[in-house]
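Data first, discussion second: the structure below is written as structure tokens.
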Amino acid sequence: MIEGFRFLPEYFSPAQQRALVSEVLALLEDCPLYRGAMPRTGTPLSVRNTNLGPLGWVSDIKGYRYQPAHPETGRAWGPIPQTLLDLWEDVSGYPAPPQACLVNWYEATSKLGLHIDADESARDAPVVSVSLGSRALFRLGGLERKSPTSSMRLASGDVVILGGQSRRAYHGVDRIYPESSTLVPDGGRINLTLRRVTAP
Ligand code: MD3
Ligand code: FE
């Protein structure tokens, strides 16, 4: 496995997972999920998104970027839940708080192609990911698209930390296993990723 990758299975208890899903669902009322699109082609993304925090990651026909406002409502994103700020403090080893929590919402057939995350200028900061709801088949490769990959299942409550070399690695989600959990409505999956965007 690539340097800097850490897997903390069942970091959150079932009770903590339920509380976190309830809190996120409540925040989505003012900060709704929307469907982004691929740069240039405008092909709709398979996963719906929203963000929490001062900045949010957005993808549309014009490109990928971080911005302070929701692309459809024009309002600021909602707050990052304290539980997630505490998680960042516990596991990131980074001297400043996260600025974005990207919410990825997977339905039964959603997937996320192999990609790298390169839109953050704070390149020394890790990404911290929380999985909630149905299990996902996650694929992690190396620094080049052609690098060999390995797959693992991410289950509800699992935390993954992408630091060091792994922060620059190709990765994606091949599929979810819908209804492997009832935590998220319609047997879906929520992935929350905490990100530092700018150097402190
Ligand atoms: C490896 N999310 O939001 S989480 C993403 O399950 C993303 O929704 C996936 O890829 C998901 O960009 C994977 C684990 C993860 C998150 C960020 C990474 C792995 C990563 C950034 C760099 C390298
Ligand atoms: Fe990613």
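The values are calculated or read from the model by the stated rules, or taken from the named source; none is laboratory data. Given the structure is predicted, the values throughout are model-derived calculations rather than measurements. Cβ sites come from the backbone with ideal geometry, for glycine too, and all protein chains shown count toward neighbours.
Values computed for the structure shown
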{"quantity": "Candidate set from region 108-144 (those that are hydrophobic (A, V, I, L, M, F, W, C), more than 9 Å from ligand 1 (Cβ to nearest atom) and touching a Gly at 6+ places or on another chain (Cβ under 8 Å)); member that is nearest to Val24 (Cα to Cα)", "calculated": "Leu132"}
{"quantity": "Any chance Arg139 is more than 25 Å from Gly53 (Cβ to Cβ), within 12 Å of ligand 2 (Cβ to nearest atom), surrounded by 15 or more Cβ atoms within 10 Å (Cβ to Cβ) and among the charged types (D, E, K, R)", "calculated": "yes"}
{"quantity": "Yes/no for Ser156 being of a type in the set (Ser, Thr, Tyr), within 10 Å of ligand 1 (Cβ to nearest atom) and more than 12 Å from the chain's Cα centre (by Cα)", "calculated": "no"}
{"quantity": "Those residues of region 73-117 which are surrounded by fewer than 18 Cβ atoms within 10 Å (Cβ to Cβ) and either aliphatic (A, V, I, L, M) or modelled with pLDDT under 95 (or both), in sequence order", "calculated": "Ala76, Leu85, Ala96, Ala108, Leu114, Ile116"}
{"quantity": "Test result for Ser147, more than 10 Å from ligand 1 (Cβ to nearest atom), on the phi < 0 side of the Ramachandran plot, polar (S, T, N, Q) and in a loop (DSSP other than H, G, I, E, B)", "calculated": "yes"}
{"quantity": "Among residues of region 116-144, those that are outside any loop (DSSP other than H, G, I, E, B), small (Gly, Ala, Ser) and on the phi < 0 side of the Ramachandran plot, counted", "calculated": "3"}
{"quantity": "Qualifying strands (runs of 3 or more DSSP E) (wholly inside region 157-200; at least 3 residues being within 13 Å of ligand 2 (Cβ to nearest atom))", "calculated": "171-177, 189-195"}
{"quantity": "Scan of region 53-66 for residues that are farther than 10 Å from Asp119 by Cα, among the charged types (D, E, K, R) and part of a strand (DSSP E or B), ordered by number", "calculated": "Asp60"}
{"quantity": "Flag for Arg35 being surrounded by fewer than 17 Cβ atoms within 10 Å (Cβ to Cβ) and in contact with a Pro (Cβ under 6 Å, 6 or more places away or on another chain)", "calculated": "yes"}
{"quantity": "In region 1-55, the residues that are within 17 Å of Val128 (Cβ to Cβ) and of a type in the set (Lys, Arg)", "calculated": "Arg6"}
{"quantity": "Selection count where residues are closer than 21 Å to Pro97 by Cβ and surrounded by fewer than 16 Cβ atoms within 10 Å (Cβ to Cβ), scope region 166-200", "calculated": "3"}
{"quantity": "Residue within region 182-200 that is farther than 30 Å from Ala76 by Cβ and either near ligand 1 (Cβ under 10 Å from one of its atoms) or touching a Lys or Arg at 6+ places or on another chain (Cβ under 9 Å) (or both) present", "calculated": "no"}
{"quantity": "Filtered residues of region 67-86 (kept if in contact (Cβ under 8 Å) with a residue 60 or more places away in the chain and either more than 14 Å from the chain's Cα centre (by Cα) or assigned to a loop (DSSP other than H, G, I, E, B) (or both))", "calculated": "Ile80, Pro81, Thr83"}
{"quantity": "Condition met for Glu120 (in contact (Cβ under 8 Å) with a residue 40 or more places away in the chain, within 12 Å of ligand 2 (Cβ to nearest atom), surrounded by 14 or more Cβ atoms within 10 Å (Cβ to Cβ) and not small (Gly, Ala, Ser))", "calculated": "yes"}
